[in-house]
4 protein chains.
Amino acid sequence: MPRKGMVRMCRWLAYSGSPMLLDAVLYRPEHSLINQSLYARMGAEATNGDGFGIGWYSADRAGNGTPAIFRDVAPAWNNRNLRELAAHVRSPLFFAHVRASTGSAVQQTNCHPFRHGRWLWMHNGAIADFQRLQRDLCMAVDPALFPFIEGSTDSEVMFYLAVTYGLDQDVPGAVARMAGLVERLGKEHGVPEPLQMTVAVSDGERVWAFRYSSQGASRTLFYSSRADTVRHLHPEIDYLREISDETRIVVSEPLGDLHGVWNELPEASYVVVPSGPETDYLPFVPELP
Amino acid sequence: MPRKGMVRMCRWLAYSGSPMLLDAVLYRPEHSLINQSLYARMGAEATNGDGFGIGWYSADRAGNGTPAIFRDVAPAWNNRNLRELAAHVRSPLFFAHVRASTGSAVQQTNCHPFRHGRWLWMHNGAIADFQRLQRDLCMAVDPALFPFIEGSTDSEVMFYLAVTYGLDQDVPGAVARMAGLVERLGKEHGVPEPLQMTVAVSDGERVWAFRYSSQGASRTLFYSSRADTVRHLHPEIDYLREISDETRIVVSEPLGDLHGVWNELPEASYVVVPSGPETDYLPFVPELP
Amino acid sequence: MPRKGMVRMCRWLAYSGSPMLLDAVLYRPEHSLINQSLYARMGAEATNGDGFGIGWYSADRAGNGTPAIFRDVAPAWNNRNLRELAAHVRSPLFFAHVRASTGSAVQQTNCHPFRHGRWLWMHNGAIADFQRLQRDLCMAVDPALFPFIEGSTDSEVMFYLAVTYGLDQDVPGAVARMAGLVERLGKEHGVPEPLQMTVAVSDGERVWAFRYSSQGASRTLFYSSRADTVRHLHPEIDYLREISDETRIVVSEPLGDLHGVWNELPEASYVVVPSGPETDYLPFVPELP
Amino acid sequence: MPRKGMVRMCRWLAYSGSPMLLDAVLYRPEHSLINQSLYARMGAEATNGDGFGIGWYSADRAGNGTPAIFRDVAPAWNNRNLRELAAHVRSPLFFAHVRASTGSAVQQTNCHPFRHGRWLWMHNGAIADFQRLQRDLCMAVDPALFPFIEGSTDSEVMFYLAVTYGLDQDVPGAVARMAGLVERLGKEHGVPEPLQMTVAVSDGERVWAFRYSSQGASRTLFYSSRADTVRHLHPEIDYLREISDETRIVVSEPLGDLHGVWNELPEASYVVVPSGPETDYLPFVPELP
């Protein structure tokens, strides 16, 4: 029941680096993701209360490299189980997402992150007129993967398309082919600018974060500077000494206002973390699959 | 986590007749549906706690002939909202279903009854190896209807196939064609006996109830004798005088032990209520669509 | 996790008059209560997503004069069951409340309205430092009523205190004695301005609405002019012709901007509806019980 | 809605020993607690679907010695979040409980285990006619602790009474005084045999398990033999070599049928684990507080 013309959006966060208690990142920052679920400043809507989810890889290889996911339809801000878990679980790589539904049902299977094998996926944005494109998109998913689609979101179908197009071997290529298919089907079905996305993907080792939209006006996406860079700028902050140089956070919306920490990812580009001392984002261009 | 070899089943009830408070039928009988959700005797499993749902048509045409549905993933037996609603809502035609999942997620969109326009649909049973047949079944659904599939159950896909095959014009024919498709696809995919079903369908005026399975060993289904018949047999029961002659209940499992009330629907047949003084069940045979 | 200094608030609505489909009042107005759950303008917080509840009396005396309640911890704006129910249930008198927790758990038993016998109760506001006063307040509840307290809110305890102080015989007096006890205990425990409240109470025949706070700066409360008055001002609005002259709505926040419809209830006063052509609010003064 | 005369019961499990993935204990055994939530053999009722909860202490001192709790009203057997968590969380000491309500609301705050500071508490059983004794029991709780009571169960009040009576200094004594109070109040209020309990308590270092009832016919309670004893009896079981000698499980109902593993705790006694090579249970006698 949004006001006419309002677009509803999600917010997400990906962490990669030294094993960290989830709540240090999810709850404690000044403008934490949990706060953003209630007071998002940069989103089209202030509230993201249509569910949330986290996915995390265990430092001690519990799950054999497969991440755990915890998803719930209730708003993140009053979820006690999330708070408890976040205060007791440490992880070197985790995803968190708060949802504002763009139309599909509010149910656990429509909450992000989505998981397939060792892969995690989350998305902010939408496929315009998804109902017009939905059947063809689903049909393009590898028949062997089709039964894994449990929910009714565009985000989940995008994930299984990426898996179909070779996520296991080439993440940027697979995502580019998925985007290319959406663009092509959009044209075929009279939806000229079908795709709006910031996406995070991980295999438990690295995180890829993409920012792209058909109209070149994408949802916001920021990545933190490497921890050693931030340490230089803010020697007064103690906890920075405890984390590795390659520790990074990628977010829809910055967690705070510290100078020099947050870098905006440009339109039509992607980053991979962890990375070397030079962060280069790379161009992202849809490919025809 | 059922024991090896155990099949899990649902239980349902359809009421048609004099406007009745839902709880008179759902809660008060000796072996009511709510009790069956906890103590089903005839099902393969005693407990049906993976969700429930009700659908009802309003006596005063609220909803313009479209039924209301109320579905929840929590067990029926401890759901207060259901109890409240049932004590205050009167309806001349309603469906109720308690679910024991055959594998798909426990979520609201996987609870029965399903609704499309003025139609309600519920199902007890399963399509064997559904994951193997799922894609082809979904593809056979009318493309215009495909986006309406919200969940991940076989039951819901069966419904949209029936709508695709002409539920609006010919209920038994549409259901027969749906069954025929399932049988055919089963053979094609090496699933020789794919279909197990008792199904109830309604348009708010009549209720059709089907009992069929590929192997001829279907879940139980009973329909009550007409109220005037029961009145004859049990003159001592006062409330029978308050209900119309055509009042009927169709159930997976009888609500009590009163003699002469419950008639078993034979294998491969269906009934329609309300009906005349002679209840004839009719044969049900899958058709090739 | 509100921002420092932010007070979180609820929003409620009471309807009394011609039997009305709940959704005509809950969903359709320009700034309906459901919209307010997402975009409240007058509350301290924009979002009221910590649960909601409705209570309604049946036109046909289902429940024997006892109202039905439907309460859920999920936000109102995405609750399908509520939407369904609202589109199919007609009532001459109903309550609706969307909650923003002031600290206590988000659970069904902490959602309003509360019910006891034929009485409904809902509240916007809080008892300051409730934890300090809670035990003494609970001990002042009639021992026979103590076991009926199911949740952990100040609102529910206020209700059972009002019942203890004679709600059955004298609503304003009982509420005044409840408020007087809170004020007295506040002083005893070093909480000088303990009470903040707008409260609605009903027995299924009339609705009493109170506005009071210790510091004289209470949450907003508005009541609609009588329907015949509004008809005069807005002859262009058709549906006004279908409702009785005494039809009224009392709200935390107006449902729209129509001129002449909404009247603010002054500090320290109460109204009763239905009422005669002259609406007189009456003064509300806490009494020592 | 149990059948007349049926008593509904819970089931619980406490683990203490080598850090263990929760699911190794909660899901994998032949008759695991999760299976017991569906197929309990020894309980008065087969199904324990009115909620569940786990509490665990972190091996790495996350939480500073305070345990995490995860509680939900949905049945344990279909809860995905629980399954995920259990597959990824390792703990040297944890509690798990599946609930069959004895009357109070099904809500998160009524699920066990309860926590206060570093203490965890869970209970199977009931206080007979609790509503008659509830007010006096609540009044005996230390006023400073009264606001911590969030739910409406007898179990939670028993916990806060034990805390009131010195749980921090003397666990058996505090529990004995709590039991003594219940017995005394029972007599005063005409409830001759008020208490039925198996209780587990932990401070993160040790687990105390009690079995007692007024009538001397208590719910079942078993504790496993020390791991070194079990290793002797079952040299063929590999995983036993990976766990410490003092590793123990205390359960309402055995997790399997292995010979020599499960020892029944007698009426009116308690055990403490970890313990030395000789397991001595000790007598438990209520004391007047």
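None of the figures in this text is laboratory data; all of them are computed from the coordinates on show. Everything numeric here is computed off the predicted structure, so don't read it as measured data. Here the Cβ positions follow ideal geometry from the backbone for every residue, glycine too, while neighbour counts run over all protein chains shown.
Kyte-Doolittle cut-off 0.0, length cut-off 24 Å along the helix's own axis using Cα: show which whole DSSP H helices in chain C pass.
Details: long enough: C:171-188 (26 Å, 0.27).
Result, helices passing both filters: C:171-188.
Which value, in nm² and rounded to one decimal, describes the direction-averaged projected area of the C-alpha convex hull of the protein assembly as shown? Can you show the working numbers first?
Numbers: hull surface 187.5 nm².
Averaging across all directions leaves 46.9 nm² for the Cα convex hull.
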Label-point separation (nm) for C:Leu258 and D:Asp170, each offset 7 Å from Cα along Cα-to-Cβ? 7.1
Residues whose built amide H sits under 5 Å from the amide H of A:Ser269, excluding neighbours closer than 5 in sequence, are A:Arg211, A:Phe284
Between the residues A:Ala100, A:Cys138, A:Pro192, the Cα farthest towards the positive end of the dipole of chain A, that dipole coming from +1 and -1 charges on the beta-carbon of Lys, Arg, Asp and Glu, is from A:Ala100
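Going by C-beta contacts inside 10 Å, put C:Arg99, B:Arg90, C:Arg226, D:Arg80 in order with the fewest on the left.
On the way: C:Arg99 30, B:Arg90 18, C:Arg226 22, D:Arg80 15.
Ascending Cβ contact count within 10 Å gives the list D:Arg80, B:Arg90, C:Arg226, C:Arg99.
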What's log10 of I(q)/I(0) for region A:115-200 at q = 0.18, 0.20 Å⁻¹, Debye sum over Cα points only, no solvent? -0.70, -0.88
Other copies of B:Ala24: label-to-label distances in nm, shortest first, labels 7 Å along the beta-carbon direction: 2.7, 5.9, 6.5
How large is ³J(HN,Hα) for each residue in region A:194-199, as worked out from phi by the Karplus curve 6.51 cos²θ - 1.76 cosθ + 1.60 (θ = phi - 60°), to whole Hz, x for Gly and Pro? x, 10, 9, 7, 10, 9
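Could you work out the relative contact order of chain A, using alpha carbon pairs under 8 angstrom and six or more residues apart, expressed as a whole percent? Each step should come with its number before you reach the end.
Values: 645 pairs, mean separation 57.4, N = 289.
Relative contact order here is 20 percent.
Residues with beta-carbon under 10 Å from that of C:Pro19, excluding C:Pro19: net charge, scoring Lys, Arg +1 and Asp, Glu -1?
Working: positive: C:Arg90; negative: B:Asp60, C:Asp60.
Residues near C:Pro19 contribute -1 overall.
Express the C-alpha Rg of chain B as a ratio against the empirical globular expectation 2.2 N^0.38 Å, rounded to two decimals. Each step should come with its number before you reach the end.
Values: Rg = 17.8 Å, N = 289, 2.2 N^0.38 = 18.9 Å.
Cα-based Rg divided by the globular estimate yields 0.94.
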Here the gain from full extension of D:His232 to D:Asn64, 0.36 nm per residue of separation minus their alpha-carbon distance, amounts to 56.8 nm
Please identify, among B:Phe114, B:Phe52, B:Phe148, the residue showing maximal mean-square fluctuation in a Gaussian network model of chain B using a 10 angstrom Cα cutoff. B:Phe148
What is region B:112-199's relative contact order, in percent, from Cα pairs under 8 angstrom and six or more apart in sequence? 36
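Going by how many other Cβ atoms sit within 10 Å of their own, how do A:Ile54, B:Ile149 line up, fewest first? Before the final figure, lay out each step's value.
Numbers: A:Ile54 31, B:Ile149 20.
Ordered by Cβ neighbours within 10 Å, fewest first: B:Ile149, A:Ile54.
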Have a look at C:Asn81, C:Asn124, C:Asn48 and tell me which one the Gaussian network model of chain C (Cα, springs below 10 Å) gives the largest fluctuation. C:Asn81
Nm distances between the label at D:Ile237 and the same-position labels in the remaining copies, 7 Å along Cα→Cβ, shortest first? 5.0, 5.3, 7.3
Which three lengths, in whole Å and largest first, does region A:33-133 cover when its Cα atoms are put on their principal axes? 42, 31, 22
Using alpha carbons only, how many angstrom separate the centre of region C:199-239 from the centre of region D:241-289? 63
To one decimal in nm, how far is A:Arg184 from the same spot in the other copies, if labels go 7 Å from Cα toward Cβ? Please give the shortest first. 3.0, 8.0, 8.2
Separation between Cα centres of region C:110-136 and region C:150-169, rounded to whole Å: 7
Provide the per-residue ³J(HN,Hα) series for region C:230-242, in order, calculated from phi with Karplus coefficients 6.51, -1.76, 1.60 and θ = phi - 60°, each as a whole number of Hz, with x at glycine and proline positions. 5, 4, 4, 6, 10, x, 7, 8, 5, 4, 4, 6, 8
Can you give the Rg/Rh ratio of region C:121-267, where Rg is from the C-alpha atoms and Rh is the Kirkwood radius? 1.06
Going by amide H atoms built from the backbone, whose H comes under 5 Å of the H on B:Arg219, apart from near neighbours? B:Met197
With springs connecting C-alpha atoms under 10 Å apart, model chain A as a Gaussian network and identify which of A:Leu195, A:Leu120, A:Leu85 has the largest mean-square fluctuation. A:Leu85
Computed about the Cα centre, the charge dipole of the protein assembly as shown from +1 Lys/Arg and -1 Asp/Glu charges at the Cβ has a magnitude in debye, to the nearest 20, of 0
Give the dimensionless ratio obtained when the Cα radius of gyration of region A:61-207 is divided by 2.2 N^0.38 Å. 1.07
